[in-house]
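Before any comments, here is the structure.
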Amino acid sequence: MIKRFLNISDLESLLKAKSEYGSKCKILAGGTDLVVRMKTDMIDPDTILSIRNIDEMKGIIKGKDGTVIGALTSHTSIEENALIRKQHYPLYQGVYEIGSPQIRNMGTLGGNIANASPSGDTIAPLMVMGAKIKLMSRSKERLVPVDEFFKGPGKTVMADDEIVHSVIVPAGFNKKNSGFIKAGLRKALSIAVVSVGWSLKDDKLTLAFGGAAPIVTVAEIRKDCSAAELKKKVLNAISPISDLRASKGYREQVILNLVNSMMEALN
Amino acid sequence: MKIRLKLNGSWREFEISNDDTLLHVLRDELRLTGTKRGCGNGECGACTVILDGETVTSCLVLAASVDGSSITTIEGISPQRGLHPIQEGLVANGGVQCGFCTPGFVVSAYDFLSKRESFTMDELKRALSGNLCRCTGYKKIVEGVVAGAEIMGKEIEND
Ligand SMILES: Cc1cc2nc3c(=O)[nH]c(=O)nc-3n(C[C@H](O)[C@H](O)[C@H](O)COP(=O)(O)OP(=O)(O)OC[C@H]3O[C@@H](n4cnc5c(N)ncnc54)[C@H](O)[C@@H]3O)c2cc1C
Ligand code: FES
Ligand code: FES
């Protein structure tokens, strides 16, 4: 039972409410994760802070350290943005692959990150671009590199009074030097079985693996490394589980296949 | 709590409880039963409505969060008498079998078509990819929507 339901329409009120209710409250953004979890009785929050009307947390702007994407920006708005497609191609590919049109209209970048699922489709893209997450509370704000943000499935470094305000993503990632590939069981409406994000800078290749460990993990390799070395580094970076969607061995093989086809396309 | 919605063009005010989904309010409180409940988890699209100009699965929307919003359901798309061109196209092309998925498909197709003058088949298929049908196999649904689009004067581009 939700005892208290607050519709909040500005950032300052959100930070105030978050500091007041702390761990008793849940932020409701697009609701595509939270409402599913409430329905399946996985959580039963006492207070809901609904933030869909906080316009100052929506939008994509060019900043001096990269592109700033508000946490409440929907996957559809990200997909349709020209700057994202030109400068942050892996993120474009990530949101393009999410769920369905309806889910992309509702779901937000901040929700995908805060939910901290190892198969969140925006996470590997943000990792290979070296994005930073801006957290805010009533008393302070801080920037956390995305590869330090996640602690486990559903667990992050966010404190009870903090929110994800925005994400800052360095520019310069296009079709030629970066990408994201997802292997699902069908085209739409499937959570990825596994996914791989990649980016190339000089001859350093950064790979990020989704759905292959309790959190999205990263490996860095030289572009010209041997096939055996590549395989070893990839298998070292991942620790997939067997569950209802796929077995551990299947996940490892699919990841290796995705990496190999990506390497072939690169060379 | 009390919320106000602009529902199919007219403002209405009603009492809801904090846990109610928009789907529940539409079907069980307002008796707008054209919107269907399939999975209840955002996966099938039977409950699709247009919320502030975008399609959403109403089973995942908490009604309390959309106070002041504008909502279009299948009842707001289908005319009082007769059928919308998309519905006509679906009927004429065998795109309706049990019909359970149909309102959701019509809402998704309506939202897609009303935002553009022309489209490619790939774009149309992607726009309908959040709606599942266990009867027709989709081909006839896509053909039906194309027929409806033609009646609406929309142009189909090559992929
Ligand atoms: C049918 C279906 C298909 C899906 N397919 C995919 C898919 O293919 N790929 C994928 O990655 N995901 C998928 N998802 C999951 C989900 O849609 C995404 O993770 C989405 O981005 C979540 O965003 P939201 O705004 O809906 O989050 P919400 O459900 O509103 O919130 C999720 C969590 O994050 C917290 N939160 C939200 N915003 C903030 C913030 N600004 N600051 C702090 N905490 C916050 C909430 O309190 C909650 O705990 C799917 C979901 C469904 C129902
Ligand atoms: S009932 Fe809402 S998506 Fe299936
Ligand atoms: S016609 Fe039966 S589910 Fe589509």
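Read-outs: derived from the displayed coordinates by stated rules, not from any lab. For clarity, every value in this text was computed on a predicted model and none was experimentally measured. Neighbour counts are summed over all protein chains in view; Cβ atoms, including those assigned to glycine, are modelled from backbone coordinates with ideal geometry.
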With Cα atoms, 0 to 90° folded angle of helix A:11-21 axis to chain A main axis: 80
Rounded to whole Hz, the Karplus (6.51, -1.76, 1.60) HN-Hα couplings of the stretch A:196-204, x for glycine and proline: 9, x, 8, 8, 10, 10, 6, 10, 9
Across B:Lys6/B:Lys115; A:Lys18/A:Lys62; A:Lys16/B:Lys6; A:Lys3/A:Lys26; A:Lys26/A:Lys140, pairs whose alpha-carbon gap is larger than 22 Å: A:Lys18/A:Lys62; A:Lys16/B:Lys6
³J(HN,Hα) computed for each position of the stretch B:54-62 - Karplus, 6.51 cos²θ - 1.76 cosθ + 1.60, integer Hz, glycine/proline x: 9, 6, 9, 8, 5, 6, 10, 9, 7
Placed amide H near B:Gly38: partners under 5 Å, 5+ positions off or other chain: B:Ala46, B:Cys47
Label point distance in nm, B:Glu157-B:Arg12, each placed 7 Å from Cα along Cα→Cβ: 3.9
Loop-resident sites, the stretch B:80-159, for trypsin sites (Lys or Arg not before Pro), counting at most 13 other Cβ within 10 Å (DSSP): B:Arg81, B:Lys115, B:Arg116, B:Arg134
Phi to ³J(HN,Hα) by Karplus 6.51 cos²θ - 1.76 cosθ + 1.60 over the stretch A:238-247, Hz, x for Gly, Pro: 10, 8, x, 9, 9, 9, 5, 8, 6, 8
Angle in degrees between helix A:227-237 and the longest Cα principal axis of chain A, rounded to the nearest 10: 20
Per-selection Kirkwood Rh - the protein assembly as shown (Cα, Å, 1 d.p.): 22.7
Per-selection Kirkwood Rh - the stretch B:85-157 (Cα, Å, 1 d.p.): 11.8
Debye, to nearest 20: dipole size of the protein assembly as shown, +1 on Lys, Arg Cβ, -1 on Asp, Glu Cβ: 620
Cα-Cα P(r), the stretch A:29-153, percent of pairs per 10 Å interval: 12, 45, 35, 7, 0
All-pairs Cα distance distribution in chain B, expressed in whole percent, bin size 5 Å: 2, 10, 19, 22, 19, 14, 8, 5, 2, 0, 0
Long-range HN-HN contacts of A:Gly99 with modeled amide H, under 5 Å: A:Leu189, A:Ser190
FRET E, pair A:Ser226, B:Ser118, Förster distance 60 Å, beta-carbon r, rounded to 0.05: 0.75
Loop-resident sites, the stretch A:105-203, for trypsin sites (Lys or Arg not before Pro), counting at most 13 other Cβ within 10 Å (DSSP): A:Lys140, A:Lys175, A:Lys176, A:Arg186, A:Lys187
Principal-axis tilt of helix A:248-266 within chain A, Cα atoms, nearest 10 degrees: 70
Cα convex hull volume per residue for the stretch A:7-57 (Å³): 68
Which listed pairs, of A:Lys134/A:Lys201; A:Lys176/A:Lys201; A:Lys86/B:Lys125; A:Lys86/A:Lys204; A:Lys64/A:Lys132, have C-alpha distances above 19 Å, in listed order: A:Lys134/A:Lys201; A:Lys86/B:Lys125; A:Lys86/A:Lys204
The stretch A:1-58 versus the stretch A:76-149: alpha-carbon centroid distance in Å: 19
Span-rule helices in chain B, defined as complete DSSP H runs reaching 15 Å or more along the axis (Cα) with Kyte mean at least -0.5: B:102-114, B:139-151
Only Lys, Arg (+1) and Asp, Glu (-1) charged, at Cβ; the stretch B:2-77 dipole about Cα centre in debye: 200
